Amino acid sequence: MADAYIIDAVRTPRGRGKKGKGALTEIHPQELLAQTLRELARRAEIDPADVDDVVVGVVSQVGEQASNIARNAVLAADWPLHVGGVSLNRYCGSGLQAVNFAAMGVMSGAQDVVVGAGVESMSRVPMGSDGGEGDGMNQHLRRKHAQVPQGISADLIATMEGFTRQELDAFALRSQRLTADAQREGRFSRALFAVRDPETGAVALEQDEFPRPETTMAALAGLPAAFQGAGATPAGPNGETLDEIALARFPREGGIQHLHTAGNSSGIVDGAAAVLLASDAYVREHGLKPRARIRSMSIFAEDPVIMLTAPAETARKALRKAGMQAADMDLWEINEAFAAVPLQTIRRLHIDPERVNVNGGSIALGHPLGATGAMLLGTALDELERRGLATALVTLCIAGGQGVATVIERV
């Protein structure tokens, strides 16, 4: 199979995802993505006319993010009319899945230049806007697999793993401190570009605005449990609470310790990212200098009730395909949807924590759902280059019990 080379990766800053409070809330998500596409082509020094397709991850495909935002963003970017676009939803893994599908097109020989991207304006199109409640409200399915909100699943994982609130908060504080260090040293600068108001051209946001570098353990300890109330909410056909629904699948736990808070869970933000992939033939013909190649990709799914445990097995699968072991990875990007997720993945795979999320993660920076996976890949690539290292693995947990992973290798 042919190689898929990563030519470049860019992203917007992450803006606070509350209407009227974040710097990107007045910018339409199509425009966020359009600016990202233009910046990608400019930095990579490629002609957009050469792009075979634009594959875009977006979770809440309703309202302003409906109507195939990929194609509309291509048009908004003033790219040639013949360049197509397709939107996909693999929940939190959508951005990385978009990159993987783009890579598959190149590796198969069917395409030469493909963009994998992601976008989510959580301020303009909030979570749950599609009204599907996670399972499409299919009562027959619910009798087979009664799913619960992700926060309850995260608390169930923490309970099963025996994580304490202090351990979760300590991981969250680590994320904030590492992100503060990365911002201070300009480690995100290669991928970042300034988002502008599409009408006036004025700069709307140049740096990620969600991090809270002043965070302390005392402040984190003072935050209330975020999902305890939801867990006590009746939701089953016989009045069962959401906690009881989860415990029916895992009865040995006896109860759920609600330990995740707004401080040790990922933040709600707006943003977009894009990655350019190209074939060996295109690279040679156009004199490009690829930054890395896709070594392997994988999808794996586990129980839809506990939901967030798949990154470990997904990573194992990607490592097997690459002929590698967990210890061979120089860096890891494990999405910080909730603190328990990377902590459990680290434990399962016996990963050196010093190689994981070395510039912080979504707890500090925020998690713009459909865009995060593409952002993490770019972050991993930038850090590999900064440290002079070779390989990285990016993985995210996904609603419904799925996981996605990608191994990249510098060239």
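See the values below:
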read-out: Rounded D (µm²/s) - region 299-411, Kirkwood Rh over Cα pairs, Stokes-Einstein at 4 °C, 1.567 mPa s; value: 94 µm²/s
read-out: Paramagnetic label zone (point 7 Å from Cα along Cα-to-C-beta, residue 284; backbone N under 19 Å) in region 95-114; value: 106-114
read-out: Projected label distance in nm at residue 347 and residue 200, using a 7 Å step from Cα toward the beta-carbon; value: 5.0 nm
read-out: Charge sum, other residues only, whose C-beta stays under 11 Å from residue 297's C-beta, Lys/Arg counted +1 and Asp/Glu -1; value: +3
read-out: Rounded tilt (10° steps) of 310-322 against the dominant C-alpha axis of the chain; value: 40 degrees
read-out: Carbon + sulfur, % of accessible area of region 183-269 - ligands and nucleic acids excluded, 1.4 Å; value: 51 percent
read-out: For the chain, share of DSSP beta bridges that run antiparallel, in % to the nearest 5; value: 70 percent
read-out: From the C-alpha gyration tensor of region 1-114, square roots of 5λ in Å; value: 24, 16, 14
read-out: Region 178-309: translational diffusion in µm²/s, Stokes-Einstein, Kirkwood Rh over Cα pairs, 10 °C, 1.306 mPa s; value: 78 µm²/s
read-out: Difference of contour (0.36 nm per residue) and Cα-Cα distance, residue 47 to residue 140; value: 28.5 nm
read-out: Candidates 67, 362, 298: whichever shows maximal mean-square fluctuation once the chain is modelled as a Gaussian network with Cα springs under 10 Å; value: 67
read-out: Net charge contributed by nearby residues that have their C-beta within less than 10 Å of residue 102 (K/R +1, D/E -1); value: -2
read-out: Per-bin percent of Cα-Cα distances, region 81-151 [10 Å]; value: 15, 35, 28, 19, 3
read-out: At most 14 other Cβ within 10 Å, DSSP loop - GluC sites (Glu not before Pro), region 75-179; value: 133
read-out: Compactness index (Cα Rg / 2.2 N^0.38 Å), region 166-211; value: 1.53
read-out: Most positive-pole-ward Cα, 117, 105, 92, against dipole of region 1-141 from beta carbon charges; value: 92
read-out: Amide H within-cut-off set for residue 84, under 5 Å, with H built and near neighbours excluded; value: 54
read-out: Largest-first ellipsoid semi-axes for region 57-193, taking √(5λ) over the Cα gyration tensor eigenvalues, angstrom; value: 31, 26, 16
read-out: Accessible surface of region 1-102 [probe 1.4 Å, protein heavy atoms]: carbon and sulfur percent; value: 47 percent
read-out: Paramagnetic label zone (point 7 Å from Cα along Cα-to-C-beta, residue 67; backbone N under 17 Å) in region 357-401; value: none
read-out: Positive minus negative residues near residue 153 (Lys, Arg vs Asp, Glu; Cβ under 12 Å); value: -3
read-out: At 1.002 mPa s and 20 °C, Stokes diffusion of the chain via Kirkwood alpha-carbon radius, µm² per second; value: 101 µm²/s
read-out: Extent along principal axes [Cα atoms of region 234-329; Å; largest to smallest]; value: 65, 35, 27
read-out: Helix-derived mean residue ellipticity, 222 nm - over the chain, DSSP H n ≥ 4, -39500 (n - 2.57), to 500; value: -10500 deg cm²/dmol
read-out: Partner lysines for residue 144 [C-alpha distance under 29 Å; skip if fewer than 8 residues away on the same chain]; value: 317
read-out: Backbone N within region 118-143 under 13 Å of label point (7 Å from residue 303 Cα along the Cβ vector); value: none
read-out: Cut-off under 5 Å, modelled amide H: who pairs with residue 8 long-range; value: 276
read-out: Region 1-155, accessible area per residue, ligands and nucleic acids excluded (1.4 Å, Å²); value: 39 Å²
read-out: Projected label distance in nm at residue 387 and residue 82, using a 7 Å step from Cα toward the beta-carbon; value: 4.3 nm
read-out: Equivalent ellipsoid, region 133-199 (semi-axes from 5 times Cα gyration tensor eigenvalues, Å); value: 36, 25, 8
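The values are calculated or read from the model by the stated rules, or taken from the named source; none is laboratory data. Please read these numbers as outputs of a predicted model, since none were measured by experiment. Heads up, the Cβs are rebuilt from the backbone with ideal geometry, glycines too, and the neighbour counts pull from every protein chain shown. For the accessible areas, the whole protein counts, side chains as well, though only heavy atoms, and no ligand, DNA or RNA atoms are used. Shrake-Rupley method; radii C 1.70, N 1.55, O 1.52, S 1.80 Å.
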